[in-house]
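Here the structure is laid out as structure tokens; the discussion comes afterwards.
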Amino acid sequence: MKTFEELGVAPEIRRAIEEMGYESPMPVQEEVIPYLLDEVRDVIALAQTGTGKTAAFGLPLLQKVDVKKNVPQALILAPTRELCLQIAGDLADYSKYIDNLRVLPVYGGSSIDSQIKTLRRGVQVIVATPGRLIDLINRRTVDLENIKYVVLDEADEMLNMGFTESIDEILSKVPDTRSMLLFSATMPNEIAKITKKYMREPKDITIGRKNEGSVNVKHMYYMVHAKDKYLALKRIADYNPSIYGIVFCRTRRETQEIADKLIQDGYSADSLHGDLSQSQRDYVMQKFRMHNIQLLIATDVAARGLDVDSLTHVINYGLPDDIESYNHRSGRTGRAGKTGISIAIAHVKEKGKIREIEKIMNKKFEAATVPSGDEICEKQLLSFADKIEKVKVNEDEIARLLPSIYRRLEWLEKEDIIKRVVSMEFNRLIDYYREADEIEAPSDRYNSRDDRGMSRNSRRGEDRFESRGNGGSRSAEKGYARLFINLGRMDNANPATLMGLINDFVPGKVRIGRIDLLPNFSFFEVPEGDAQRVISGLKGQEQNGRRISVEEAQGGAPAERREGSRRPSFGGSGGDRAPKRREGGNPSYGSGGDAGKREHRKGGRKPKFS
Ligand code: AMP
């Protein structure tokens, strides 16, 4: 590997970047810097975000700019205000020891007058978003006649955002003799059109393989039913106590909804999207950069300019429509030599997209199962123990407070104290997950690529179900008949509902034995002598617009009922799959007075843990 000096970077720039901690060039810099320093020509660089491309084009440009001329010589176009500010900031840092070199960021949403004033004073480098630059061109306040270098950064994003015409217009105002550098994370056909139109014999530089995701990123997907996406997200966050990530949503509305729910449930989260004012967005980004929030719920566009190197996770709350966007999203993690995880919480219909992305990235996703409550609790406890081990103890400061605490707690053994501290922190979490139902995995036909034949969730659910007795295959109590009814918890059925129906439609008194409520159907037991009366009383009646069907259970729910259920069947390697309990479902589940409590538990705030 070469040094910056060997690449030809000037001493005053080296001094600045050394102060910034750049010890050796990153691969894109090693390729691009000597080439541009030698003779600036057209370059197309396929480089992911975070590969060091700003310095790759920035250092040679800054070195080549003539500071004696007080006119714009380099123009960098970026899709968003945030990226524009980021690049301008980096260039200002790199050039801090070059006297009289001035860089101006030009972007919408801030005073155009002050930008015009600075332009009048003279700058050599302009970093601009296309819209604002066109404004300035139309007001004849910017002179592009001496531009020698044009950089299109995140070119694919600029095209995605509809800047093609603006770019055409801007390039028509720049001398033909300029060199053009195009940086893009992906190379869709539209980019090829631009390069053909505006570039002359460009040098192609690819850092990493074409359209390949960052090598430091592990890709995982959790396949869940669409209705369980939010619960899966919460579990993923709970399973990763130190998570610091962006959750990408598809629309502004979804972004706000998810952020609101997470905040309500006690998570350290906030939203970032285009419906917020610029100052609100700045505030949220600032909070996120400072790690004051762990989860940023964002749209693709709003998050684009946010430059954070230390994201542990990128979460796709559903996959983007445009597969290229997945690359952009996942490229936000695994940066600057760190590793990262890109998670897709996908629903069954998105399976095909996963395969397409795999093909394009030439990388496999790992099929993961949503962590169980036990796994989450264990992970949280270990993380807590880790914090206890690592916490900084201010011996002097607490010394005078400790004796009274020692006196107060001296009757407790060490183990008791640990148990109590852990309970203080985790009782709510443990209670929450004890009560919470596992998230059912869709049929393993979709869900699992491994040889287990069934996802862990399915297995867990089945074990649990079998231990409670498998619906119809369980034999009835002596003297009782076991009946199947096509109402389940998905229909808001609870024991009180069943009793009510029997009271209303079955003549005479009926004793009701064991009731097993399942999501789509249920079983209940009545004395053998009453079975026919109950069946004929209930048959054909309606409950919430649904026709009731009852029959004697024979080794499980009748096949046609299962197939007819409104939710996907629970597949697996043969045999009946028991549907699993549902988490966070309709709060009116459960019997009578318990419903309120359940609602509180399930819809309530996330248990506090640090
Ligand atoms: P970029 O792709 O330009 O957004 O750069 C990604 C991150 O890498 C930024 O935080 C840069 O400051 C950092 N960076 C760029 N070049 C180097 C280098 N040679 N050594 C260390 N960090 C770098």
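The values are calculated or read from the model by the stated rules, or taken from the named source; none is laboratory data. Treat the numbers as computed from the prediction; the structure is a model and nothing was measured. Every residue, glycine as well, gets a Cβ built from its backbone with ideal geometry; the counts of neighbours run over all protein chains shown. To get the accessible areas, we keep the full protein, side chains included, count just its heavy atoms, and leave off ligands, DNA and RNA. Shrake-Rupley method; radii C 1.70, N 1.55, O 1.52, S 1.80 Å.
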- Item | Selection status of V28, β-branched (V, I, T) and touching a residue at least 40 places away in the same chain (Cβ under 8 Å) | yes
- Message: Among the residues that make up segment 96-119, is at least one of them within 15 Å of the ligand (Cβ to nearest atom), within 33 Å of the chain's Cα centre (by Cα) and closer than 25 Å to S184 by Cβ?
- Response: no
- Filtering helices (runs of 4 or more DSSP H) wholly in segment 431-514 for at least 1 residues that are within 35 Å of the chain's Cα centre (by Cα) and at pLDDT below 85 gives 444-447, 456-468
- Message: I need a count of the residues in segment 1-43 that are within 11 Å of the ligand (Cβ to nearest atom) and either in contact with a Cys (Cβ under 9 Å, 6 or more places away or on another chain) or of a type in the set (D, E) (or both).
- Response: 3
- Those residues of segment 314-369 which are of a type in the set (S, T, N, Q), more than 14 Å from R250 (Cα to Cα) and part of a strand (DSSP E or B) amount to S342
- Item | Filtered residues of segment 44-64 (kept if more than 15 Å from the ligand (Cβ to nearest atom) and buried (at least 22 other Cβ atoms within 10 Å of the Cβ)) | I44
- Message: Where the second residue is within 16 Å of the ligand (Cβ to nearest atom) and basic (K, R) and the first is over 15 Å from R178 (Cβ atoms) and lies in segment 60-89, which pairs have Cβ atoms under 8 Å and are six or more apart or on separate chains?
- Response: P79/R304; T80/R304; E82/R304; L83/R304
- Message: Could you tell me how many of the residues in segment 169-184 are of a type in the set (A, V, I, L, M, F, W, C) and farther than 20 Å from Y35 by Cα?
- Response: 3
- Does K96 satisfy the condition of being surrounded by fewer than 17 Cβ atoms within 10 Å (Cβ to Cβ) and free of Cβ contacts under 8 Å to residues at least 24 places away in the same chain? no
- In segment 413-430, which residue that is of a type in the set (V, I, T) and surrounded by fewer than 19 Cβ atoms within 10 Å (Cβ to Cβ) is modelled with the lowest pLDDT? V422
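Here's the yes/no breakdown for (1) modelled with pLDDT under 90; (2) open to solvent by 20 Å² or more (accessible area, probe 1.4 Å); (3) out of contact with any strand residue (DSSP E or B) (no Cβ under 7 Å at 6 or more places or on another chain); (4) under 22 Å from Q73 (Cβ atoms):
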{"site": "V150", "(1), (2), (3), (4)": "no, no, no, yes"}
{"site": "A155", "(1), (2), (3), (4)": "no, no, no, yes"}
{"site": "S166", "(1), (2), (3), (4)": "no, yes, yes, yes"}
{"site": "N189", "(1), (2), (3), (4)": "yes, yes, yes, no"}
{"site": "Y221", "(1), (2), (3), (4)": "no, no, no, no"}
- Evaluate the following for A88: is it within 13 Å of the ligand (Cβ to nearest atom) and of a type in the set (A, V, I, L, M)? yes
- Restricted to segment 519-541, and to residues that are out of contact with any Pro (no Cβ under 7 Å at 6 or more places or on another chain) and in a loop (DSSP other than H, G, I, E, B), which residue is least open to solvent (accessible area, probe 1.4 Å)? F521
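Rundown of residues vs (1) under 24 Å from Y230 (Cβ atoms); (2) within 18 Å of the chain's Cα centre (by Cα); (3) away from the ligand (no atom under 16 Å from the Cβ), yes/no style:
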residue	(1), (2), (3)
G274	yes, yes, yes
S279	no, no, yes
N292	yes, yes, yes
L296	yes, yes, yes
D309	no, yes, no
H313	yes, yes, yes
- Task: Pairs only if they're at least six apart or on different chains, beta carbon under 6 angstrom, first in segment 461-489 and on the phi < 0 side of the Ramachandran plot, second in a helix (DSSP H, G or I) and modelled with pLDDT of 85 or more; list them, first residue then second.
- Result: A481/E528; A481/A531
